[in-house]
Amino acid sequence: MSQWLLETQELAELLLNEPDADRVILDTSWYLPEAKKYAIDDFREGHIPGARFIDLTEISDPGSPYVNMLPSTELFASVAGRLSIGADTDVIIYDAGYVSCRLWWMFRTFGHQKVRILNGGWRKWKAEQREIETGDFALPEPKVFPAGIVEGRVASIDEVRAAISDDATTIVDARTAARFDGLEGSGYPGVASGYMPKAINTPWALFFDAEKNYTFISPQRSGEIFRNAGADLTGAIITTCGSGVTACILGFMIEQLGNRTWRLYDGSWHEWGQQTDTPKLIKEV
């Protein structure tokens with residue numbers, strides 16, 4: 001069992017047996033802006049009892065020209081503290097899609113190790129017909145969240161450029177095959193399509209089992225996916241995607257396989273695709 005995963009039955013037992021523990025359950029559901037939908041509305045319609053809502057947009061760098069970038073320690077600490085998350089708080093993350101791993105990565109990048117992902121998230125909780133609440137959430141007294149950047153977890157664009165020419169570094173890209181190959185648009189207006197040289201496509205959706213309420217697949221199966229794609233996970237690894245969100249799913253699975261030194265290219269394709277001097281390849285059909 002992964003130290004980073006919590007099963008729905010385990011959470012139900014914690015809520016029943018330890019209701020007053022220093023624990024915060026975070027709904028991290030999120031929609032791309034073009035969806036013109038807001039996950040807070042879904043939260044109000046139903047959420048895990050006692051959960052609080054955190055918006056990925058709110059805890060991303062507001063001054064960056066690239067979307068979903070890691071914020072300052074001050075911003076992250078402010079939001080986490082307002083949600084009553086302190087140094088010793090057990091943080092349990094869930095969503096209804098693919099964002100949980102991003103928050104898991106962010107908390108750990110800011111130095112908080114007491115964080116777990118609810119396996120299967122909201123979809124599995126609902127499918128099991130467990131108790132839910134509706135409406136908004138009330139915040140208790142804020143806490144001081146001691147955020148501090150853990151070095152070595154983020155890869156810059158210059159480090160990715162260097163990795164392309166470095167045989168010792170593997171680059172894995174979580175986007176769909178059509179986006180990766182450049183057969184579909186990048187998903188962002190004004191951002192070129194394609195993929196970076198040497199990148200290996202391992203689409204993020206492969207790492208969830210739709211027949212088992214979107215729980216994570218086993219480490220054994222994820223290892224097969226990476227191996228079949230030709231990705232060497234024994235050395236330096238950089239994960240990337242469209243905007244640094246689903247790349248964290250790859251990182252989560254890579255960590256289950258024993259490599260804790262992987263790095264996230266935070267700017268991902270949203271940054272790479274806007275540069276005039278970055279190589280962009282398109283699959284020939």
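Residues being crowded, with 19+ Cβ neighbours inside 10 Å, within 29 Å of residue 111 (Cβ to Cβ) and aromatic (Phe, Trp, Tyr) are represented in region 144-160 by at least one member. Go through the residues of region 140-157 one by one and say whether even a single one is under 24 Å from residue 71 (Cα atoms), acidic (Asp, Glu), out of contact with any Lys or Arg (no Cβ under 9 Å at 6 or more places or on another chain) and modelled with pLDDT of 95 or more. Yes, that holds for at least one residue. Restricting attention to region 189-206, the residues that are within 27 Å of residue 94 (Cα to Cα) and not in a strand (DSSP E or B) add up to 5.
When residue 50 is tested against the conditions (1) touching a strand residue (DSSP E or B) at 6+ places or on another chain (Cβ under 7 Å); (2) at negative phi, the lone failure is (2). Across region 158-188, the number of residues qualifying as part of a loop (DSSP other than H, G, I, E, B) and either over 19 Å from residue 231 (Cβ atoms) or of a type outside the set (Gly, Ala, Ser) (or both) comes to 11. Among the residues of region 16-42, those identified as in a helix (DSSP H, G or I) and more than 21 Å from residue 142 (Cα to Cα) are 16, 17, 33, 34, 35, 39, 41, 42. If you check residue 60 against the conditions, is it within 21 Å of residue 265 (Cβ to Cβ) and under 18 Å from the mean Cα position of the chain (by Cα)? In short, yes.
The residue of region 111-135 that is nearest to residue 212 (Cα to Cα), among those that are in a helix (DSSP H, G or I), out of contact with any Gly (no Cβ under 8 Å at 6 or more places or on another chain) and charged (D, E, K, R), is 124.
For region 207-222, the set of residues classified as crowded, with 18+ Cβ neighbours inside 10 Å and outside any strand (DSSP E or B) consists of 207, 213, 214, 222, listed by residue number. Set side by side, the residues 211, 271 differ, and just one is free of Cβ contacts under 8 Å to residues at least 60 places away in the same chain and not hydroxyl-bearing (Ser, Thr, Tyr), which is 211.
Results for (1) within 30 Å of residue 188 (Cα to Cα); (2) buried (at least 16 other Cβ atoms within 10 Å of the Cβ); (3) of a type outside the set (Ser, Thr, Tyr); (4) touching a Gly at 6+ places or on another chain (Cβ under 6 Å), shown as yes or no for each residue.
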site	(1), (2), (3), (4)
22	no, no, yes, no
72	yes, no, no, no
88	no, no, yes, no
97	yes, yes, yes, no
109	yes, yes, no, no
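Restricting region 24-57 to residues that are loosely packed, with under 15 Cβ neighbours inside 10 Å, of a type in the set (Asp, Glu) and at pLDDT 95 or above, the residue that is farthest from the chain's Cα centre (by Cα) is 45.
The values are calculated or read from the model by the stated rules, or taken from the named source; none is laboratory data. Worth saying up front: this structure is predicted, and the values here are computed from it rather than measured. In this analysis, Cβ positions are derived from the backbone assuming ideal geometry, glycine residues included, and neighbour counts consider all displayed protein chains.
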